[in-house]
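A quick write-up on the structure given underneath.
The values are calculated or read from the model by the stated rules, or taken from the named source; none is laboratory data. This structure is a prediction, so every number in the text was calculated from the model and none was measured. With ideal geometry, Cβ positions are generated from the backbone for all residues, glycine too; neighbour counts draw on all protein chains shown. The accessibility values were calculated without ligands, DNA or RNA, using every heavy atom of the protein model including side chains. Shrake-Rupley method; radii C 1.70, N 1.55, O 1.52, S 1.80 Å.
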Amino acid sequence: MSTETLEQPKEAVKVPTEELFSKRRKRLVTDPLNEDNPITIQVLGICSALAVTVKMEPTLIMSIAVVFVIVFSNVIISLMRNIIPSRVRIIVQLAVVATLVTLVSEVLKAYSYDMYKVLGAFVGLIITNCIVMGRLEAFAMGNKPYDSILDGLGSGFGYAWIILAVAFFRELFGSGSVFDFKVFEAIGLDSFVTNGLMVDSIGAFMILGIIIWVQRSKTGYVEH
Amino acid sequence: MRQSNTYVLLFTAALTVVVGGLLSLASQGLAPAQKKSVELDTKSQILSSVMDREKLSTMTREEVLDVYDKSITSLVVDINGDVVEKDEKGKAIVAEEVDILKNYKKDPAERMYPVFKYSKDASSGSVDAYILPLYGAGLWDKIWGFVALEDDLNTIAGASFDHKAETPGLGQRIATAEIQNRFVGKKIFDESGSLVSVTMLKGEGNDGLSSHEVDGMSGATLTARGLNDMLENYLNSYQSYFKKVKSTGVASL
């Protein structure tokens, strides 16, 4: 777990007229994409990365929903950060996250019933996604709303690209398709044998492990 | 001040009111749209058991409802195959509004069984398919669907299944056209006229399927088992209705 984000607000206070996309702010968005990725480096949100990544389509909808929930809960908590009593802050964070998740689910049910049916069980799981609570506790509680939006976007997309990558390989080798498009049949490989392991959670562990391996050999990150 | 008990209590109370109010507002405000979505979903699911799915998926909301109104007539029967027109309170029963889940929880003898009759050409008055709702338990949660029988009340014309929470990529496949098309043309009665239903086998790629068997889904044997039970239970319950239709002719029922 990194804690460097906690120290940043002090610098921000010293520089009152910071540009809209200053170097520090760019790093808020870009860090979680690679060097400080919520899944592969902080090892948060693993549960949902295993559960929803069998196919690309639900994974994509889940990514959009998670980005939405992280960004908005970050803003709301950041706006409220000076009035939240610290003894009940976790409950307050949870209430905000749960409200947003319920709203997402209700809106999906009303206007995109097909999506709602695909995601039914998954949307509720966003509440328990450690990344959301983790960002609220580690960042939004101590930073201004605009920075919190950037941080939410960074973490959300950091989460999204990893689970989409995992889902891509799992669907490709597990079901022989990408977004339900039968890739191997399309290129004339009708006899391609799909791998049942990929449809299981074990497949997600393996692919996640390989992604972490490749990533760390490039960034040189070592856990202490 | 921010740490005092009074502040904490007031803060959480205010939060509860705001959040609760927001959610009930959203729930109230979205309810009509949700009801419409559910209605459209039910009707397109009923139609998808007899119609070309690709054509159905390109149709707009209004077109689906229009086709439904033109080609489907519905009625509700009880376990003895008698038409039920009014409930205990004397209110007229609409087949589309019969809650299959609520009825599923009752004893089979007390359930209401909707029948949706499909005619390609409404003016001819002939019935091309009988569509029956199904309800049961999959591996993780409920599964449901519709099975359409041709006018001989034996051959399956089509089926559509759906589920609440079957395993993605495995049991979830019951909701795909690939699996549902396997049921087309299968027979539910054997030569002697007794009900045998249609069974989904274990494993995938089975050879020599009889007219009462369909190929299974690998990795989803328990979902298939739930599907088989569901199909058999409901076909069983509709048996008296089938007999009545066969003996009295289509027009009266």
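Annotations
- Candidates A:THR30, A:THR194, A:THR59, ranked by Gaussian network fluctuation over chain A, Cα under 10 Å, top entry: A:THR194
- Working note: 222 nm ellipticity from helices only, DSSP H runs with n ≥ 4, each -39,500 (n - 2.57), summed and divided by the residues of chain A, gives -22000 deg cm²/dmol to the nearest 500.
- For the pair B and A, the buried accessible area comes to roughly 2400 Å² in total, with a 1.4 Å probe and the value rounded to the nearest 100.
- On the beta carbon distance between B:GLU54 and B:SER218, with R0 = 35 Å, the FRET formula returns roughly 0.85.
- Alpha-carbon centroids, region B:176-252 and region A:118-137: separation in whole Å: 40 Å
- Chain lengthening between B:ASP107 and B:THR176 when straightened (0.36 nm per residue, less Cα-Cα): 21.8 nm
- Accessible area per residue (1.4 Å probe, heavy atoms of protein chains only) ranks A:HIS224, B:HIS163, B:HIS212 as A:HIS224, B:HIS212, B:HIS163, with the largest value leading.
- Extending 7 Å from the Cα toward the beta-carbon at both B:ASP128 and A:MET206 defines two label points whose distance is 4.7 nm.
- Counting only protein chain heavy atoms and rolling a 1.4 Å probe, the accessible areas of B:GLU62, A:GLU35 rank, largest first, as B:GLU62, A:GLU35.
- Distance from the C-alpha centroid of region A:31-82 to that of region A:156-185: 17 Å, rounded to the whole angstrom.
- In chain A, the longest principal axis of the Cα atoms and the axis of helix A:4-14 are about 40 degrees apart.
- Taking label positions 7 Å along the Cα-Cβ direction at both A:LYS117 and B:LYS202, the computed distance is 3.0 nm, reported to one decimal.
- Potential lengthening between B:LEU209 and B:THR16 on full extension [0.36 nm per residue; Cα-Cα distance subtracted]: 63.6 nm
- Relative to the longest principal axis of the Cα atoms of chain B, the long axis of helix B:5-48 lies at roughly 20 degrees.
- Cα→Cβ-extended label distance, 7 Å offset, between A:TYR146 and B:ASN233, nm: 5.9 nm
- If you wrap the protein assembly as shown in the convex hull of its Cα atoms and look at it from every side, the mean projected area works out to 29.5 nm².
- Sorted peptide list for B:130-136, B:187-193, A:48-54, criterion being average Cβ within 10 angstrom, highest first: A:48-54, B:130-136, B:187-193
- Rolling a 1.4 angstrom probe over the protein heavy atoms with all chains in place gives chain B an accessible area of 52 Å² per residue.
- Measuring between their Cα centroids, region B:64-108 and region B:4-41 lie 33 Å from each other.
- Computed across region B:136-253, the Kirkwood radius stands at 14.7 Å (inverse of mean 1/r, all Cα pairs).
- With a 10 Å cut-off around each Cβ of B:13-25, the average count of Cβ atoms from other chains is 2.
- 0 to 90° range, to nearest 10: angle between helix A:145-175 axis and chain A longest Cα axis: 10 degrees
- Calculated FRET value between A:ILE83 and B:VAL94, using beta carbons and R₀ = 56 Å, to 0.05: 0.60
- Share of Cα-Cα pairs in chain A lying beyond 30 Å, as whole percent: 30 percent
- Normalised by 2.2 N^0.38 Å, where N counts its residues, the alpha-carbon radius of gyration of chain B equals 1.23.
- Measuring r between the beta carbons of B:LEU65 and B:SER27 and using R0 = 35 Å, the FRET efficiency lands at 0.90.
- For chain A, carbon and sulfur atoms together expose 68% of the accessible surface, with a 1.4 angstrom probe and every protein chain in place.
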